[in-house]
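To start, the structure itself, in structure tokens.
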Amino acid sequence: MEIFLDTANLEEIRRGARLGVVNGVTTNPSLAAKEGIGTSGSYKEAVQEIATIISGPISIEVVSQDVEGMVTEGREIAGWIDNPWVKIPSTEAGFEAISVLAKDGIRINQTLCFSPNQAMLGAQAGSTVVSPFVGRLDDIGHDGMELVSDIVSIFRYYALETKVMAASIRHPQHCIMAAKAGAHISTVPYGVLMQMTKHPLTDSGVSRFADDWRKATQ
Ligand code: G3P
């Protein structure tokens, strides 16, 4: 399973990239706004900067809600960088926009997916990847990971090319569960990536080896 960073924070992306484990980045208007993008700089400039750090796909979200607006924005966004995935929401207008943009050869990250039906429609329309939002479903008492698992099973059954990206990841256990469910990608906040690197027994083991070696060589 590939790991993408779900952030628009350049420092987090730089640090994640240094580990050599980050295959792509996902952004959205909320994440961009959190970094002051929109007031202190443009979304386009921020994304172009991210593209100098990460060569993998970078997801950039449209903010229009009608077909024409999404298609216009999607075509524009697709020209910003070499490896863009245009994020389009799983709405009626979104599916129409996906089908138009996909025919142009533009790669689509179908976002805000909360049901297998939305995933199946997106795959038919031409989504490159569909993003079930795990944490937001868990937040309302549903089983977000069951959605990931259902979509993976359906796509496998019909040998669909559309990939599954587990999104709205809140903790490291979500990543393990997404990998076991067969998700192709998990997009994770930087904090979760850092948690994934850690285990207390690794830390105590490193200390003990260092102590034992120091004693033996004193
Ligand atoms: O990329 C979008 C998605 O991951 C959002 O996550 O935490 O806002 O539910 P969250």
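Where a number appears in this text, it was derived from the coordinates with a stated rule and is not lab data. None of these values were measured; they are calculated from a predicted model. Cβ coordinates were reconstructed from backbone atoms using ideal geometry, including for glycine residues, and neighbour counts include every protein chain displayed.
Of all residues in segment 17-26, those being buried (at least 16 other Cβ atoms within 10 Å of the Cβ) and farther than 23 Å from GLY182 by Cα number 1.
Does SER127 fit the bill of being surrounded by 15 or more Cβ atoms within 10 Å (Cβ to Cβ), within 16 Å of the ligand (Cβ to nearest atom) and part of a strand (DSSP E or B)?
Against the criterion (surrounded by 15 or more Cβ atoms within 10 Å (Cβ to Cβ), within 16 Å of the ligand (Cβ to nearest atom) and part of a strand (DSSP E or B)), SER127 does not qualify.
Of all residues in segment 39-76, which are in contact (Cβ under 8 Å) with a residue 40 or more places away in the chain, more than 23 Å from ILE98 (Cα to Cα) and outside any loop (DSSP other than H, G, I, E, B)? Listed by number, the residues that qualify are ILE50, ILE53. Hey, could you check segment 135-188 for residues that are assigned to a loop (DSSP other than H, G, I, E, B) and under 20 Å from THR27 (Cα atoms) and say which is farthest from the ligand (Cβ to nearest atom)? Across segment 135-188, the extreme among qualifying residues is THR162.
Let's see how each residue does on (1) free of Cβ contacts under 8 Å to residues at least 40 places away in the same chain; (2) closer than 20 Å to THR7 by Cα:
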{"position": "ALA166", "(1), (2)": "yes, yes"}
{"position": "GLN173", "(1), (2)": "yes, yes"}
{"position": "MET177", "(1), (2)": "yes, no"}
{"position": "HIS184", "(1), (2)": "no, yes"}
{"position": "VAL192", "(1), (2)": "yes, yes"}
{"position": "HIS199", "(1), (2)": "yes, no"}
{"position": "ARG208", "(1), (2)": "yes, no"}
{"position": "ASP211", "(1), (2)": "yes, no"}
{"position": "ARG214", "(1), (2)": "yes, no"}
